[in-house]
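Novice: Could you have a look at this structure, given as structure tokens, before my questions?
The values are calculated or read from the model by the stated rules, or taken from the named source; none is laboratory data. All figures in this text were calculated on a predicted structure; none of them were measured in a lab. Virtual Cβ from ideal backbone geometry, glycine too; neighbours counted across all protein chains shown. Heads up: the accessible areas ignore ligands, DNA and RNA and are worked out on the full protein's heavy atoms, side chains in. Shrake-Rupley method; radii C 1.70, N 1.55, O 1.52, S 1.80 Å.
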Amino acid sequence: YASPFVIQETSFFENAADNGGAIYMESDCTGRLDNVVVAGNVANFNGGGIRIFDGSFSGTNVCDLRHCTIYGNGPNGIAAADSVALSLTNCIVWSNAGTQVSPGYTVAYCDVQGGYPGVGNIDAEPAFRDPAAFDFHLTIDSTGTVADAGIDAGFTNDCVFRERPLGFGFDMGAFE
């Protein structure tokens, strides 16, 4: 609430709350998530993964996600409402119950299940190693989909400090 934050190279697994199972932002927050995995979280109402809401209507919540993996949360992967400036770059948002990402935000070079308007976005199975065991490493089957499909977002490493890029281009998601 009314706080700045930066969350980098971490994971949020199997958390629960009324809103924002893993992360809940309200009223004048400015935040950034870099190389973060949000998976298997549950909310009773909105944003199983992430909920961003401006309950005070006094300002704008700002949240930027870069190289994040949002997977298997419910309801919704990322639920945003009211005065929110939300952007995603090089993210994978997949297999969340309900809406993957609330409509109307800036999403670029992301893999969003069901598709999402924006430059460089795709809708392709990301082929994670073992999502049931929370292993979101990319596999050889990720080639031609999320591997090498991102852009330079200013990172030299992924969430486990592996060098970016490893191949011909930057991979989408938290793992290179």
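Novice: Of all residues in the stretch 21-40 being open to solvent by less than 50 Å² (accessible area, probe 1.4 Å) and part of a loop (DSSP other than H, G, I, E, B), which is nearest to residue 55 (Cα to Cα)?
Specialist: This residue is 27.
Novice: Next question. Of all the residues that make up the stretch 89-116, how many are in contact (Cβ under 8 Å) with a residue 60 or more places away in the chain and not in a loop (DSSP other than H, G, I, E, B)?
Specialist: Count: 3.
Novice: Now for a different question. Check the stretch 4-20 and report whether any residue there is touching a Lys or Arg at 6+ places or on another chain (Cβ under 7 Å), open to solvent by less than 40 Å² (accessible area, probe 1.4 Å) and assigned to a strand (DSSP E or B).
Specialist: no
Novice: Okay, moving on. Show the residue pairs meeting these rules: Cβ distance below 9 Å; 6+ apart or different chains; first residue within the stretch 132-146 and over 19 Å from residue 35 (Cβ atoms); second residue open to solvent by 60 Å² or more (accessible area, probe 1.4 Å).
Specialist: 141/125; 145/125
Novice: Considering only the stretch 41-57, state which residues are modelled with pLDDT of 95 or more, among the polar types (S, T, N, Q) and open to solvent by 30 Å² or more (accessible area, probe 1.4 Å).
Specialist: Answer for the stretch 41-57, where residues must be modelled with pLDDT of 95 or more, among the polar types (S, T, N, Q) and open to solvent by 30 Å² or more (accessible area, probe 1.4 Å): just 44.
Novice: Closer than 26 Å to residue 130 by Cβ, open to solvent by 10 Å² or more (accessible area, probe 1.4 Å), among the β-branched types (Val, Ile, Thr) and assigned to a strand (DSSP E or B) - does that describe any residue in the stretch 60-77?
Specialist: No.
Novice: Suppose we filter the stretch 119-132 for residues that are surrounded by 13 or more Cβ atoms within 10 Å (Cβ to Cβ), of a type outside the set (Lys, Arg) and either at pLDDT below 95 or over 10 Å from residue 89 (Cα atoms) (or both); how many remain?
Specialist: 8
Novice: From 167, 173, which residue is in contact (Cβ under 8 Å) with a residue 40 or more places away in the chain, in contact with an Asp or Glu (Cβ under 8 Å, 6 or more places away or on another chain) and assigned to a loop (DSSP other than H, G, I, E, B)?
Specialist: Among 167, 173, only 173 is in contact (Cβ under 8 Å) with a residue 40 or more places away in the chain, in contact with an Asp or Glu (Cβ under 8 Å, 6 or more places away or on another chain) and assigned to a loop (DSSP other than H, G, I, E, B).
Novice: OK, next. Is there a residue in the stretch 142-160 that is within 21 Å of residue 6 (Cα to Cα) and either within 12 Å of the chain's Cα centre (by Cα) or part of a strand (DSSP E or B) (or both)?
Specialist: yes
Novice: Out of the residues in the stretch 58-104 meeting the condition of being at pLDDT 95 or above, more than 23 Å from residue 142 (Cβ to Cβ) and of a type in the set (Ser, Thr, Tyr), tell me which one is nearest to the chain's Cα centre (by Cα).
Specialist: Filtering first and then ranking leaves 87.
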